[in-house]
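To start, the structure itself, in structure tokens.
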Amino acid sequence: MDLGLEGKVALVTGGSKGIGEAITRTLLAEGALVANVNRSSAEGEALEAEYAERGQRCMFIQGDLTQMEACESAVNTTLQEFGQIDILVNNAGVNDGVSLTDGPQAFLGSLERNLIHYYAMAHYALDALKASQGVIINISSKVAATGQGGTSGYAAAKGGINGMTREWALDLAADNIRVNTVVPAETWTPLYAELIDQSENPAAARQQIEDIIPLGKRFTTSQEIADMVVFLASQRSLHTTGQIHYVDGGYTHLDRKYTSNSDRVDLSK
Ligand code: NAP
């Protein structure tokens, strides 16, 4: 299937690691040019060098997206280098565990890490996206729909992202800009592996999570998230906008009574 992404310019936030890295690599595999913004430098510079050897552009931009100047500068640098932006992927974020007891300042900090830069990136990239009739893809979290406990800031941010997705899709439909969100639930990344490894019994901890994932009893892969993102960025999804797409093996919506392995009781009668 030709996704029509050859030569398109994508600006990806947090594209050096985890889900973002899979998105970056998949866009590059489809022939897109990528600008990738992160705080850390090593992984982004390594990606840039790896693809430069193959004659492909994966420009690393260093910046902390909690700083609005960094958001504006990432957009400007991408435009200076590539002349256009066709695809904005808002992906950078962290489940930072800012709870109801942590107070308003901590809550605001969490919104800065997880929500405000999504808005800022779309704001600064708006003229370019209008010119290209581009697409925006936001990465949210199942926490917006399910809650998690102890993470008010992250939950509010991800809920805000879902809300902005509908708002922007409507706002920008007349400009032929599509806006969609992809929602991971339990996606295996190096960071997730590290967290599981810190538990007393990593194998049991992993098993416990996998048991409640209906489809395949396994984590979603970063590649599976990236595949949905790239499809939504492509010419093959031209009439899809304002949607919240759960790529989670049924984790968020399917009834656990019927899908968990633990002490199965027949409740169907
Ligand atoms: P990750 O492995 O920690 O990668 C996050 C990336 O974003 C890193 O490259 C990080 O780079 C960058 N980043 C974070 N904050 C930044 C900032 N302020 N400025 C610039 N760069 C920043 O996380 P992930 O698991 O792939 O998560 C990616 C997205 O998926 C997030 O929005 C997350 O909420 C969402 N998600 C993930 C899961 C999951 O199971 N993995 C589940 C639900 C939702 P530096 O830290 O080096 O800057």
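The values are calculated or read from the model by the stated rules, or taken from the named source; none is laboratory data. Predicted model only: the values in this text are computed from it and were never measured. Quick reminder, even Gly has a Cβ in these numbers, built from the backbone with ideal geometry, and neighbours come from all protein chains shown. Ligands, DNA and RNA are excluded from the accessible area calculation, which covers all protein heavy atoms including side chains. Shrake-Rupley method; radii C 1.70, N 1.55, O 1.52, S 1.80 Å.
Among the residues of the stretch 204-262, those identified as of a type in the set (Asp, Glu) and at pLDDT 95 or above are 210, 211, 224, 227, 248. Close Cβ contacts (under 8 Å, 6 or more residues apart or on different chains) running from residues in the stretch 182-200 that are free of Cβ contacts under 8 Å to residues at least 60 places away in the same chain to residues that are more than 9 Å from the ligand (Cβ to nearest atom) comprise 188/221; 196/202; 196/205; 196/206; 199/205. Can you find even one residue in the stretch 174-183 that is within 11 Å of the ligand (Cβ to nearest atom), open to solvent by 20 Å² or more (accessible area, probe 1.4 Å) and either part of a helix (DSSP H, G or I) or touching a Ser or Thr at 6+ places or on another chain (Cβ under 9 Å) (or both)? So far as the stretch 174-183 goes, no, none of its residues is within 11 Å of the ligand (Cβ to nearest atom), open to solvent by 20 Å² or more (accessible area, probe 1.4 Å) and either part of a helix (DSSP H, G or I) or touching a Ser or Thr at 6+ places or on another chain (Cβ under 9 Å) (or both).
Whenever a residue of the stretch 222-243 is closer than 25 Å to residue 163 by Cβ and more than 16 Å from the ligand (Cβ to nearest atom), its partners that are modelled with pLDDT of 95 or more and open to solvent by 50 Å² or more (accessible area, probe 1.4 Å), lying with C-beta atoms within less than 6 angstrom and at least six residues away or across chains, give the pairs 237/231; 242/166.
Of all the residues in the stretch 146-173, those that are open to solvent by 40 Å² or more (accessible area, probe 1.4 Å) and within 12 Å of the ligand (Cβ to nearest atom) number 2. For the residues 69, 30, 50, 6, the requirement of being among the acidic types (Asp, Glu) and within 15 Å of the ligand (Cβ to nearest atom) singles out 69.
Can you tell me which residue within the stretch 33-47, out of those that are more than 15 Å from residue 93 (Cα to Cα) and among the aliphatic types (A, V, I, L, M), is farthest from the ligand (Cβ to nearest atom)?
Step one: filter the stretch 33-47 for residues more than 15 Å from residue 93 (Cα to Cα), giving 33-35, 41-47.
From what is left, the residues that are among the aliphatic types (A, V, I, L, M) are 33-35, 42, 46-47.
Numbers: 33: 19, 34: 13, 35: 13, 42: 9, 46: 12, 47: 10 Å.
Checked the stretch 33-47; the qualifying residue farthest from the ligand (Cβ to nearest atom) is 33.
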